[in-house]
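Remarks on the structure that follows.
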């Protein structure tokens, strides 16, 4: 470290010696010198020596060799010296655990000192020494300090419990510190309360299912009282904790909001943002017609605007949050457009965020102003900012139809500037405008074509090619233009290649006579000379289409494209809801859920906004965390077998840290990209359903709508289950749940329906019992299903041929198919049914056991199983416990087989049987399972791995049902 | 919570490093240096995520302060804390510079130990910190038991910002209404956006634990009082000085925030500002207004491009306030293109200079009365370039200081009650001052 070697002049404070001299010596033998000084008799010299040690430590030199000498200085009355020694201890104790024990006595003694500052210092420092042996000695002093008469000591001790929990969670629980900590929430001193809340919140985060922060109306009231009295930081801890509470009804919600609103006037922006978080969350529960609701909305705007006059870093945090708030509740800031105008001197990160919000707030009312501003920005210096401004103009055009014409002319003006990146960006957005308003602005094409040569970015080139292809019939020399791109075909990026291929095919279909040569050229380039499978496949598809059925080709390639939507870059709603629950935090800055950037179990819990509940009904969920967490129990560590057999090494592979996740998290890959979670899940549920949708042929490569990436579900599954329907008979023995009443007679004018689902010989059946409890005869029965997760639909009409007289009962069995329309339901296996008769239409919903969707050819090859298991990411694995099951593994295996759960292999490790099983759902999704059965232990552990982890919970329920019946 | 806090000099060398959490390793120090301080391009975000570790940074002159974490912390709180940390350091040893930090490193470590515990911000009020952490080392060994418990109760107490037993021979207070007026105007003179952000700074030298009540010409209160018919509070006319406003009665405040001493729930319910002030200087409130702002100056630009190598610029400024008042420290900054080769300026008043290093003509006027007008004209010679990109024409900016509040805010009263000690509101000497400064005051050309 260079500066540590510099000789600094001590010219400050007159003759007073300053600290910088401690940074100055690095002679050889320094350590020896220090050692001698540390053992000196003179107090002053000792102190000087310790300061030198600390200075060396700061710049990263290893001074751990001095450990015993420094610890020797600890026994002192001099508080300054003591603090320095403590600082040293915190840094090096971990590397010298045995020596650290030497310090324990002093700590214990200091914890009983008459001076509260010293007591607190001792307990604070002791918690920072992360040595297991020390923690045992910490317990007694900590217990005393938690009950100390001085609030300063208590508030320090409260935080110390969190420290200790981080080192040894079990110890904290065993010693009952958690209860003491809970008691501190009722402490008379507000700062003690605040620190206790902070500590408990942190501990609760690592125990997602515990009810540690037992939030109830009484404790909430205490927190709200403390909120008025504690420091700004304490207010933040309390507000962040409040945000985890779910009020029982709208009245409670309103009263909390009323008590939180004054915080919006706090000078500390973090207090304001945390208050906004609480309000945004609890507002969900208020009825929208309430006067208070609109008052609250009005109160939120001014503080948010005020945040923009804070320092730039805070402005950035505020803007990222406002971006979320504007998406969730656009009405709050709709009149505040002007405050988001960019200032010339704003840091670039503030400028970019403001621009984003401006577009979101743009509306017919303010579009003129916005456009004038955007045009101004497009002449600025920073390239990223200019690009974004140009793009914003395009987005305005798409969003506000009335402004489209002005936007287009503004963009044309910008193209005239000939600034390379402005032109390219403008062309990309004009392409989007064409898609939104087809056949409206074609007159500008000529101007665009003039700039063909200057385009060097793939996105701009692709956009231009798309435009030429799309409007080939109106561009006289379209063939020449496209041909010019063709020359360097292999040097282009894939995006451009794909676009060029499609554009030329379009051209050919529009002007077949003169372009035959061109199309053959591009098809051969794409299919024969390219290594890119996408390009080859697309080339072959076109080739075959063109050669077999040109009419069909025309229908596919020139099909009418769906219009693009106004808002293409909105955050997906479930993610947005989660982020709203994280206002003020890093998650809201990154616009990613915490699980995407936080390691370990912390923050994996997904937060959700509360649903609106009237004061009449009350929900039994004291804590959103538990409500959202589901009932998944904590997973036991996986056993990693040592033998090297087939299944053994698959387990060895990537299971190194046992995944202790709470609820089965949605596929992480998608979270990282901040992508559409729900859509992705649905997509994978759809399984093999990849059709030749016209969009594919249209080849609109850069379509702005984000299509969720299909999770490579086994292709052909969709076909497979079609054959299954008529399919191979299996012996009876599939599990059929007992019949239950689905529709009571009370609700259906006398018609009672009870029933169950069964899979018999490969056919799914709904078995119904209809009872007429009314006085009149019922006729004309019919049944229909709502769209559901697996496309279940009646395969035939409801066979009730004779009229159903009063007090008559009839049993019907309705065959079901799985080719109906699909929509993801919650829960996944929910089915909404409508039954009609001559009296009325009745609706009910029921849940089917997912086992009836398990198809007969669900037995996987061992090799395939191994590969698939490895291939599915670990995050998709969920573990469950099946309690009180007294079957041995063979009996369990044969029982499960009856329900199409196939055992592929079995291994025995240390008295534990491991069964590896596979299941295939009717839509082609595979579920892989590992069932662990220990002789004499009635509790089974099951791990499920699936590309669509949403089904795991249902599959587990089936296991439980099958095994216990 | 905050996992660690590092302070670097401009070269990226660590001056202070304090780690609070076990998940932050020593390599975090280097990660920030390599990826942010030594990064080639401009910093694109104050929050950086490197290998699942998040770094928050602020810069003070050429010192970097960075807070590190691996958790989903409250980001706003971390920045507020970093600013607070800077304030605390500044109040202990003045400017935050490399030298001062090195000279006070033991003190800084002590402060870091006190104001952050396990990454949770604790009491950060300089007033109370100074009672037990001093520049000469910590007090504590020679205090009596009473003194010690007084310190701890103050640090953790409800009124953490003021200690008991303060005595002054003369009870006195100073109120400064400091406003910065921000403007963005189009070349045609249309106001694109304008707002005033104001602060009320109070310097109090009052004995005991005085209860204060502050009143201003806030529209909401005046309307309320008008309805109720109780207006005798406005009696203290001696505080309402300064004004230049044209008899405007009340102003609409968009939003205000208060020092933590102000009882927020009381403001929320009654809109009254009551508090026990900290001793000495502090910021009582901040506010923002956007309606009926008095814009002290109007800038009228005229830029004409004469051929490819010459620009003619004419700028007129008009002062728009009472003729009896004087504006000071007026500075107009007219940007010039990068390829400027020479500038000739003529101005009616003050001095004007072309500063090549700043790419601007800077025109300074010491004083200017209200309702006056002044003009500058310049001829700018340009070097011919083959740069295709047009000159971006940054806006003309202006600086000034005026002795009134452009928002129209007026202090109506500040009442002091101290029931235990023997002095009343009338014995307190009160001073009020209004200063309006330019914030970002720009006119596009």
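The values are calculated or read from the model by the stated rules, or taken from the named source; none is laboratory data. The shown structure was predicted, so the numbers you read here are calculated from the model rather than taken from an experiment. When we count neighbours, we look across all protein chains shown, and the Cβ atoms used for this are built from the backbone with ideal geometry, even at glycine.
Residues that are facing another protein chain (nearest Cβ under 7 Å) and assigned to a strand (DSSP E or B) were ranked within the stretch B:16-29; the one that is nearest to the chain's Cα centre (by Cα) is B:16.
The set of residues in the stretch B:30-54 being within 11 Å of chain A (Cβ to nearest Cβ), surrounded by fewer than 22 Cβ atoms within 10 Å (Cβ to Cβ) and not in a strand (DSSP E or B) consists of B:30, B:41, B:42, B:43, B:44, B:45, B:51, B:52. Of A:323, A:345, all but one fail to be more than 7 Å from chain B (Cβ to nearest Cβ), surrounded by fewer than 23 Cβ atoms within 10 Å (Cβ to Cβ) and over 13 Å from residue B:79 (Cβ atoms); the exception is A:323.
Of the helices (runs of 4 or more DSSP H) lying entirely inside the stretch A:75-146, those containing at least 3 residues that are within 19 Å of residue B:4 (Cβ to Cβ) are A:79-92, A:116-128.
Taking the stretch B:55-80 as the range and being within 15 Å of residue B:43 (Cα to Cα), over 20 Å from the mean Cα position of the chain (by Cα) and within 8 Å of another protein chain (Cβ to nearest Cβ) as the test, only B:56 passes.
Quick one: which helices (runs of 4 or more DSSP H) lie wholly within the stretch A:162-242 and hold at least 1 residues that are farther than 21 Å from residue A:252 by Cα? Even if it seems obvious, please write down each step before you answer.
On the way: elements: A:169-174, A:177-184, A:190-206, A:217-227, A:232-242.
Because the criterion is at least 1 residues that are farther than 21 Å from residue A:252 by Cα, the helices (runs of 4 or more DSSP H) in the stretch A:162-242 that meet it are A:169-174, A:177-184, A:190-206, A:232-242.
What are the residues in the stretch A:794-809 that are crowded, with 17+ Cβ neighbours inside 10 Å and not in a loop (DSSP other than H, G, I, E, B), if any? Result: A:794, A:804. Scanning the stretch A:850-892 for residues that are in contact (Cβ under 8 Å) with a residue 24 or more places away in the chain, assigned to a helix (DSSP H, G or I) and closer than 23 Å to residue A:937 by Cβ gives A:889, A:892. Once the stretch A:216-242 is narrowed to residues that are over 26 Å from residue B:270 (Cβ atoms) and buried (at least 22 other Cβ atoms within 10 Å of the Cβ), the residue that is nearest to the other protein chains (Cβ to nearest Cβ) is A:233.
When residues in the stretch A:568-597 are screened for being surrounded by 14 or more Cβ atoms within 10 Å (Cβ to Cβ) and part of a loop (DSSP other than H, G, I, E, B), 11 of them pass. Residues in the stretch A:785-821 that are in contact with a helix residue (DSSP H, G or I) (Cβ under 7 Å, 6 or more places away or on another chain) and modelled with pLDDT under 80: there are none.
Among the residues that make up the stretch B:308-331, is at least one of them within 14 Å of another protein chain (Cβ to nearest Cβ), modelled with pLDDT of 90 or more and in a strand (DSSP E or B)? Looking through the stretch B:308-331, none of the residues is within 14 Å of another protein chain (Cβ to nearest Cβ), modelled with pLDDT of 90 or more and in a strand (DSSP E or B).
Total residues in the stretch B:366-409 satisfying the condition of being within 14 Å of chain A (Cβ to nearest Cβ), closer than 30 Å to residue A:379 by Cβ and in a loop (DSSP other than H, G, I, E, B): the figure is 10. If you take the residues in the stretch A:143-163 that are more than 8 Å from chain B (Cβ to nearest Cβ), surrounded by fewer than 22 Cβ atoms within 10 Å (Cβ to Cβ) and touching a helix residue (DSSP H, G or I) at 6+ places or on another chain (Cβ under 8 Å), which one is farthest from residue A:200 (Cα to Cα)? In this case the residue turns out to be A:148.
So that you can scan it fast, the table gives a plain yes or no per residue for (1) within 29 Å of the chain's Cα centre (by Cα); (2) surrounded by 18 or more Cβ atoms within 10 Å (Cβ to Cβ):
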position	(1), (2)
B:364	yes, no
B:375	no, no
B:382	no, yes
B:393	yes, no
B:398	yes, yes
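Looking only at residues of the stretch B:86-119 that are without any contact (Cβ under 8 Å) to a residue 60 or more places away in the chain, over 18 Å from the mean Cα position of the chain (by Cα) and in a loop (DSSP other than H, G, I, E, B), we find that the one that is nearest to the other protein chains (Cβ to nearest Cβ) is B:104. Being surrounded by 19 or more Cβ atoms within 10 Å (Cβ to Cβ) and either touching a strand residue (DSSP E or B) at 6+ places or on another chain (Cβ under 6 Å) or assigned to a strand (DSSP E or B) (or both) is the filter here; which residues of the stretch B:410-429 pass it? Listed by number, the residues that qualify are B:411, B:412, B:414, B:416, B:428. When A:528, A:516, A:499 are checked against the criterion of being under 22 Å from residue A:475 (Cβ atoms) and surrounded by fewer than 18 Cβ atoms within 10 Å (Cβ to Cβ), A:516 stands alone in meeting it. Scanning the stretch A:60-70 finds no residues that are modelled with pLDDT of 85 or more, in a helix (DSSP H, G or I) and in contact with a strand residue (DSSP E or B) (Cβ under 9 Å, 6 or more places away or on another chain).
Condition check for residue A:285 on (1) modelled with pLDDT under 95; (2) assigned to a helix (DSSP H, G or I): one failure, at (2).
Going residue by residue through the stretch A:277-297, is there one that turns out to be under 24 Å from residue B:262 (Cβ atoms), in contact with a helix residue (DSSP H, G or I) (Cβ under 6 Å, 6 or more places away or on another chain), within 12 Å of another protein chain (Cβ to nearest Cβ) and without any contact (Cβ under 8 Å) to a residue 40 or more places away in the chain? Within the stretch A:277-297, not a single residue is under 24 Å from residue B:262 (Cβ atoms), in contact with a helix residue (DSSP H, G or I) (Cβ under 6 Å, 6 or more places away or on another chain), within 12 Å of another protein chain (Cβ to nearest Cβ) and without any contact (Cβ under 8 Å) to a residue 40 or more places away in the chain. Residues of the stretch A:245-261 include none that is within 13 Å of residue A:307 (Cβ to Cβ) and more than 8 Å from chain B (Cβ to nearest Cβ). Considering only residues in the stretch B:128-162 that are more than 30 Å from residue A:51 (Cβ to Cβ) and more than 11 Å from chain A (Cβ to nearest Cβ), the one that is modelled with the lowest pLDDT turns out to be B:146. Being farther than 28 Å from residue A:356 by Cβ and touching a residue at least 12 places away in the same chain (Cβ under 8 Å) is a description that does not apply to residue A:561.
Restricting A:919, A:901 to residues that are in contact with a strand residue (DSSP E or B) (Cβ under 8 Å, 6 or more places away or on another chain), farther than 23 Å from residue A:822 by Cα and in contact (Cβ under 8 Å) with a residue 24 or more places away in the chain narrows the list to A:901. Taking residue B:83, is it under 18 Å from residue A:231 (Cβ atoms), facing chain A (nearest Cβ under 9 Å) and out of contact with any strand residue (DSSP E or B) (no Cβ under 9 Å at 6 or more places or on another chain)? Judged against the criteria, residue B:83 is not a match.
Among the listed residues A:171, A:213, which satisfies the condition of being touching a strand residue (DSSP E or B) at 6+ places or on another chain (Cβ under 8 Å) and either more than 9 Å from chain B (Cβ to nearest Cβ) or modelled with pLDDT under 90 (or both)? If you could, list the steps in order and put the result at the bottom.
Working: A:171 fails: touching a strand residue (DSSP E or B) at 6+ places or on another chain (Cβ under 8 Å).
Only one candidate passes the filter, namely A:213.
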